[in-house]
Amino acid sequence: MTLGEKLKMLREKRGWTQTQAAEKLGVSSQVISNYERDYRSPDADNLKKLAELYSTTTDYLTGLVDDPSPRVNNPIPKEGTKPEKDSKLNLFFYDGLEGYDDLSPEEQEAFREHMYDEARQAIELVKKLKKQGKRGGMYER
């Protein structure tokens, strides 16, 4: 799938016209049309904006990876600690979540960050319960 085909698919998935996508990106609808028909490629700045707009990565748009899920970067490790593995938060549940597509790219990013923090807290809770030897529930192995 070409960059243009991906852009068109992501736009249509949201139910946006080229004009609506152009307004959100701050370009003309002709620019969006040219991107989608592969007549023109976005510059680095617009590529990043498109990835944010469509809640994906520039790596997906440019064909470096096949997974459109947004990546969540881990924080820089504290001195004397091992860096965490590169993590990816696959928010399969937000696809089609009512109201998600109405959020701005900044609001979508805030949502994903919040959900990532919640998931990490849940993992820590499960680990703690397992260490405490809690029995008889979903935490028992």
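What follows is calculated from the coordinates using simple rules that are stated; it is not laboratory data. Keep in mind it's a predicted model, so treat the numbers as computed, not measured. Cβ sites come from the backbone with ideal geometry, for glycine too, and all protein chains shown count toward neighbours.
A simple rule links phi to the HN-Hα coupling: the Karplus curve 6.51 cos²θ - 1.76 cosθ + 1.60 with θ = phi - 60°, which for the stretch 102-110 gives 7, 6, 5, x, 5, 5, 5, 4, 4 Hz, with x for Gly and Pro.
Residue-wise HN-Hα couplings along the stretch 2-8, as the Karplus relation 6.51 cos²θ - 1.76 cosθ + 1.60 with θ = phi - 60° gives them from phi, are 7, 4, x, 5, 5, 4, 5 Hz; Gly and Pro carry x. Karplus-derived 3J(HN,Hα) values for the stretch 121-133, using 6.51 cos²θ - 1.76 cosθ + 1.60 with θ = phi - 60°, are 5, 5, 4, 4, 4, 4, 4, 5, 5, 5, 4, 6, x Hz; glycine and proline are entered as x.
When peptides 102-110, 2-10 are ranked by their average number of other Cβ atoms within 10 Å per residue, the highest-first order is 2-10, 102-110.
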